[in-house]
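A.B. asks: The structure that follows is given in the form of C-alpha coordinates.
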Amino acid sequence: MIVTIANAKGGVAKTTTAVYLCAAHGLAVDGMDDAVLLDADVQASASLWRDMAADAGMDLGFDVMPANLSTLRRLRGSGVDRSHGLTVVDAPPQGAVLEAAVAAADFVVVPASDSPLDLQQAWATVAAVPDRIPAAVLVVRAEPGTTACRDTLNALDEAGTPRFDAIVRKRQDIKRCMGSRPGKLHEYAQAYRELMGVAR
(Lines give C-alpha, C1' and ligand atoms only; values in the text may rest on other atoms or scores of the structure.)
Protein backbone atom coordinates (compact mmCIF):
# COMPACT_ATOMS: atom_id res chain seq x y z
CA MET A 1 0.00 0.00 0.00
CA ILE A 2 1.27 3.46 -0.90
CA VAL A 3 0.23 6.23 1.48
CA THR A 4 1.09 9.86 0.80
CA ILE A 5 1.16 12.36 3.65
CA ALA A 6 0.25 15.75 2.18
CA ASN A 7 -0.81 19.23 3.13
CA ALA A 8 -0.41 22.52 1.28
CA LYS A 9 0.78 24.06 4.55
CA GLY A 10 4.13 23.30 6.15
CA GLY A 11 4.62 22.57 9.84
CA VAL A 12 1.52 20.40 10.25
CA ALA A 13 3.25 17.22 11.47
CA LYS A 14 3.51 15.54 8.06
CA THR A 15 6.88 13.97 8.88
CA THR A 16 5.79 13.00 12.39
CA THR A 17 2.68 11.35 10.96
CA ALA A 18 4.76 9.48 8.37
CA VAL A 19 7.20 8.20 11.01
CA TYR A 20 4.48 7.13 13.44
CA LEU A 21 2.50 5.29 10.75
CA CYS A 22 5.64 3.40 9.72
CA ALA A 23 6.33 2.56 13.36
CA ALA A 24 2.75 1.35 13.81
CA HIS A 25 3.13 -0.89 10.78
CA GLY A 26 6.30 -2.35 12.25
CA LEU A 27 4.43 -3.36 15.39
CA ALA A 28 1.55 -4.78 13.37
CA VAL A 29 3.87 -7.10 11.43
CA ASP A 30 5.87 -8.17 14.50
CA GLY A 31 8.88 -6.00 13.83
CA MET A 32 9.47 -7.14 10.26
CA ASP A 33 11.29 -4.61 8.08
CA ASP A 34 8.16 -4.17 5.99
CA ALA A 35 7.81 -0.38 5.68
CA VAL A 36 9.70 2.32 3.84
CA LEU A 37 9.39 6.07 4.25
CA LEU A 38 10.15 8.02 1.08
CA ASP A 39 11.37 11.51 1.93
CA ALA A 40 10.21 13.74 -0.93
CA ASP A 41 10.08 17.01 1.00
CA VAL A 42 12.73 19.63 0.26
CA GLN A 43 13.11 20.12 4.03
CA ALA A 44 14.31 16.48 4.26
CA SER A 45 12.98 16.22 7.81
CA ALA A 46 12.48 12.45 7.59
CA SER A 47 16.07 11.98 6.44
CA LEU A 48 17.27 14.17 9.31
CA TRP A 49 15.16 12.07 11.70
CA ARG A 50 16.84 8.91 10.35
CA ASP A 51 20.32 10.42 10.61
CA MET A 52 19.77 11.61 14.18
CA ALA A 53 18.57 8.14 15.14
CA ALA A 54 21.57 6.52 13.46
CA ASP A 55 23.96 8.88 15.26
CA ALA A 56 22.37 7.78 18.53
CA GLY A 57 22.76 4.11 17.58
CA MET A 58 19.00 3.65 17.25
CA ASP A 59 17.21 1.55 14.62
CA LEU A 60 13.93 3.11 13.55
CA GLY A 61 12.65 -0.28 12.40
CA PHE A 62 11.96 0.87 8.85
CA ASP A 63 13.87 2.34 5.93
CA VAL A 64 13.98 6.06 5.15
CA MET A 65 15.02 6.87 1.59
CA PRO A 66 15.21 10.12 -0.37
CA ALA A 67 12.72 10.45 -3.22
CA ASN A 68 12.41 12.77 -6.19
CA LEU A 69 10.05 13.33 -9.09
CA SER A 70 11.43 10.37 -11.04
CA THR A 71 11.19 8.07 -8.00
CA LEU A 72 7.58 8.97 -7.40
CA ARG A 73 6.54 8.65 -11.04
CA ARG A 74 7.99 5.14 -11.03
CA LEU A 75 6.19 4.07 -7.86
CA ARG A 76 3.32 2.51 -9.76
CA GLY A 77 5.53 1.06 -12.49
CA SER A 78 5.99 -2.67 -12.95
CA GLY A 79 9.73 -2.38 -12.32
CA VAL A 80 9.40 -0.95 -8.83
CA ASP A 81 10.46 -3.01 -5.80
CA ARG A 82 7.27 -3.90 -3.95
CA SER A 83 8.87 -5.91 -1.17
CA HIS A 84 7.61 -3.41 1.41
CA GLY A 85 4.08 -3.89 2.70
CA LEU A 86 3.72 -0.18 3.40
CA THR A 87 5.28 2.72 1.51
CA VAL A 88 4.74 6.14 3.09
CA VAL A 89 5.61 9.27 1.12
CA ASP A 90 6.41 12.45 3.06
CA ALA A 91 5.39 14.96 0.40
CA PRO A 92 6.30 18.63 -0.05
CA PRO A 93 3.58 21.28 0.32
CA GLN A 94 3.37 22.12 -3.39
CA GLY A 95 4.69 21.57 -6.90
CA ALA A 96 5.20 18.71 -9.32
CA VAL A 97 6.67 16.44 -6.64
CA LEU A 98 3.52 16.78 -4.54
CA GLU A 99 1.37 16.03 -7.59
CA ALA A 100 3.43 12.92 -8.36
CA ALA A 101 3.26 11.75 -4.75
CA VAL A 102 -0.51 12.09 -4.73
CA ALA A 103 -0.89 10.42 -8.13
CA ALA A 104 1.10 7.41 -6.90
CA ALA A 105 -0.92 6.97 -3.72
CA ASP A 106 -3.51 4.38 -2.77
CA PHE A 107 -4.56 6.76 0.01
CA VAL A 108 -3.73 10.35 0.95
CA VAL A 109 -3.54 11.35 4.62
CA VAL A 110 -3.90 15.08 5.25
CA PRO A 111 -2.71 15.98 8.75
CA ALA A 112 -4.02 19.24 10.19
CA SER A 113 -4.18 20.80 13.63
CA ASP A 114 -7.36 22.25 15.09
CA SER A 115 -6.60 25.78 13.86
CA PRO A 116 -8.62 27.69 11.23
CA LEU A 117 -5.58 28.17 8.97
CA ASP A 118 -4.69 24.47 9.04
CA LEU A 119 -8.31 23.62 8.31
CA GLN A 120 -8.41 25.87 5.24
CA GLN A 121 -5.20 24.34 3.89
CA ALA A 122 -6.48 20.83 4.61
CA TRP A 123 -9.60 21.54 2.57
CA ALA A 124 -7.49 22.89 -0.28
CA THR A 125 -5.31 19.78 -0.20
CA VAL A 126 -8.23 17.34 -0.15
CA ALA A 127 -9.91 19.23 -3.01
CA ALA A 128 -6.77 18.84 -5.13
CA VAL A 129 -6.69 15.05 -4.75
CA PRO A 130 -8.17 13.27 -7.80
CA ASP A 131 -11.54 11.65 -7.15
CA ARG A 132 -10.15 8.17 -7.85
CA ILE A 133 -7.79 8.42 -4.85
CA PRO A 134 -9.32 8.28 -1.35
CA ALA A 135 -8.17 10.94 1.08
CA ALA A 136 -8.98 11.90 4.65
CA VAL A 137 -7.97 14.53 7.18
CA LEU A 138 -6.15 13.38 10.31
CA VAL A 139 -6.56 15.94 13.09
CA VAL A 140 -3.26 16.21 14.98
CA ARG A 141 -1.84 18.30 17.84
CA ALA A 142 -5.41 18.56 19.04
CA GLU A 143 -6.79 19.45 22.45
CA PRO A 144 -10.07 17.53 22.69
CA GLY A 145 -12.71 19.28 24.73
CA THR A 146 -11.66 22.74 23.57
CA THR A 147 -13.77 24.98 21.40
CA ALA A 148 -11.10 24.94 18.69
CA CYS A 149 -11.15 21.16 18.45
CA ARG A 150 -14.94 20.93 18.46
CA ASP A 151 -15.22 23.64 15.82
CA THR A 152 -12.68 21.88 13.60
CA LEU A 153 -14.41 18.52 13.81
CA ASN A 154 -17.83 20.08 13.26
CA ALA A 155 -16.59 22.04 10.24
CA LEU A 156 -15.09 18.93 8.67
CA ASP A 157 -18.24 16.91 9.28
CA GLU A 158 -20.61 19.63 8.07
CA ALA A 159 -18.57 19.98 4.87
CA GLY A 160 -18.66 16.22 4.34
CA THR A 161 -14.87 16.04 4.41
CA PRO A 162 -13.64 12.51 5.13
CA ARG A 163 -11.66 12.36 8.37
CA PHE A 164 -10.16 9.79 10.66
CA ASP A 165 -12.04 8.97 13.86
CA ALA A 166 -8.64 9.03 15.56
CA ILE A 167 -7.72 12.45 16.90
CA VAL A 168 -4.04 12.77 17.76
CA ARG A 169 -3.69 14.74 20.96
CA LYS A 170 -1.06 17.39 21.55
CA ARG A 171 1.59 15.48 23.52
CA GLN A 172 5.07 16.38 24.67
CA ASP A 173 6.52 12.93 23.98
CA ILE A 174 5.35 13.13 20.35
CA LYS A 175 6.83 16.61 20.08
CA ARG A 176 10.16 15.41 21.51
CA CYS A 177 10.36 12.20 19.46
CA MET A 178 12.38 13.71 16.60
CA GLY A 179 15.44 11.56 15.96
CA SER A 180 14.24 8.53 17.88
CA ARG A 181 11.99 5.52 17.42
CA PRO A 182 8.47 6.21 18.67
CA GLY A 183 7.76 4.49 21.97
CA LYS A 184 4.06 4.88 22.57
CA LEU A 185 2.07 5.34 19.39
CA HIS A 186 -0.89 6.95 21.14
CA GLU A 187 -3.72 7.79 18.74
CA TYR A 188 -1.53 7.07 15.72
CA ALA A 189 -2.14 3.38 16.45
CA GLN A 190 -5.86 3.89 15.89
CA ALA A 191 -5.19 5.97 12.78
CA TYR A 192 -3.04 3.13 11.39
CA ARG A 193 -5.79 0.58 12.06
CA GLU A 194 -8.31 2.79 10.29
CA LEU A 195 -5.94 3.14 7.35
CA MET A 196 -5.44 -0.60 7.08
CA GLY A 197 -9.20 -1.08 7.29
CA VAL A 198 -9.56 1.03 4.16
CA ALA A 199 -6.91 -1.08 2.42
CA ARG A 200 -8.78 -4.33 2.98
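The values are calculated or read from the model by the stated rules, or taken from the named source; none is laboratory data. This one's a predicted model, so the numbers in the text were calculated from it and none came from an experiment. With ideal geometry, Cβ positions are generated from the backbone for all residues, glycine too; neighbour counts draw on all protein chains shown.
A.B. asks: Only one residue in Thr4, Thr16 is at pLDDT 95 or above, crowded, with 16+ Cβ neighbours inside 10 Å, out of contact with any Asp or Glu (no Cβ under 7 Å at 6 or more places or on another chain) and not in a helix (DSSP H, G or I). Which one?
C.D. replies: Values: Thr16 fails: not in a helix (DSSP H, G or I).
Only one candidate qualifies: Thr4.
A.B. asks: Since Asp114 meets every condition but one in (1) at pLDDT 95 or above; (2) in contact with a strand residue (DSSP E or B) (Cβ under 6 Å, 6 or more places away or on another chain), which condition does it not meet?
C.D. replies: Only one criterion is unmet by Asp114, namely (1).
A.B. asks: Could you tell me how many of the residues in region 54-70 are out of contact with any strand residue (DSSP E or B) (no Cβ under 9 Å at 6 or more places or on another chain) and of a type in the set (Gly, Ala, Ser)?
C.D. replies: Our first condition is that a residue be out of contact with any strand residue (DSSP E or B) (no Cβ under 9 Å at 6 or more places or on another chain); within region 54-70, this holds for 54-59, 68-70.
Retained after the next criterion (residues that are of a type in the set (Gly, Ala, Ser)): 54, 56-57, 70.
Of the residues in that region, 4 qualify.
A.B. asks: Then there's this: Test Asp157 against the stated conditions and say whether it is assigned to a helix (DSSP H, G or I), more than 29 Å from Phe62 (Cα to Cα), of a type in the set (Asp, Glu) and touching a strand residue (DSSP E or B) at 6+ places or on another chain (Cβ under 9 Å).
C.D. replies: yes
A.B. asks: Go through region 134-160 and give me each residue that's without any contact (Cβ under 8 Å) to a residue 12 or more places away in the chain, at negative phi and of a type outside the set (Asp, Glu).
C.D. replies: Passing the criteria: Thr147, Arg150, Asn154.
A.B. asks: Of everything in region 109-133 that's part of a helix (DSSP H, G or I) and free of Cβ contacts under 8 Å to residues at least 60 places away in the same chain, which residue is surrounded by the fewest Cβ atoms within 10 Å (Cβ to Cβ)?
C.D. replies: Per the stated criteria, the residue is Ala127.
A.B. asks: When you scan region 161-180, how many residues do you find that are of a type in the set (D, E, K, R), in a loop (DSSP other than H, G, I, E, B) and in contact (Cβ under 8 Å) with a residue 24 or more places away in the chain?
C.D. replies: Residues in region 161-180 being of a type in the set (D, E, K, R), in a loop (DSSP other than H, G, I, E, B) and in contact (Cβ under 8 Å) with a residue 24 or more places away in the chain: 1 in total.
A.B. asks: Scan region 33-45 and give yes if some residue there is in contact with a His (Cβ under 8 Å, 6 or more places away or on another chain), of a type outside the set (Asp, Glu) and under 21 Å from Leu69 (Cα atoms), otherwise no.
C.D. replies: Yes.
A.B. asks: Looking at Ala67, Ala23, Ala28, Ala53, which one is within 27 Å of Leu119 (Cβ to Cβ) and either at pLDDT 95 or above or touching a helix residue (DSSP H, G or I) at 6+ places or on another chain (Cβ under 9 Å) (or both)?
C.D. replies: Ala23
A.B. asks: From the set of residues in region 152-199 that are farther than 28 Å from Met52 by Cβ and among the small types (Gly, Ala, Ser), which is surrounded by the most Cβ atoms within 10 Å (Cβ to Cβ)?
C.D. replies: Applying the filter and picking the extreme gives Ala155.
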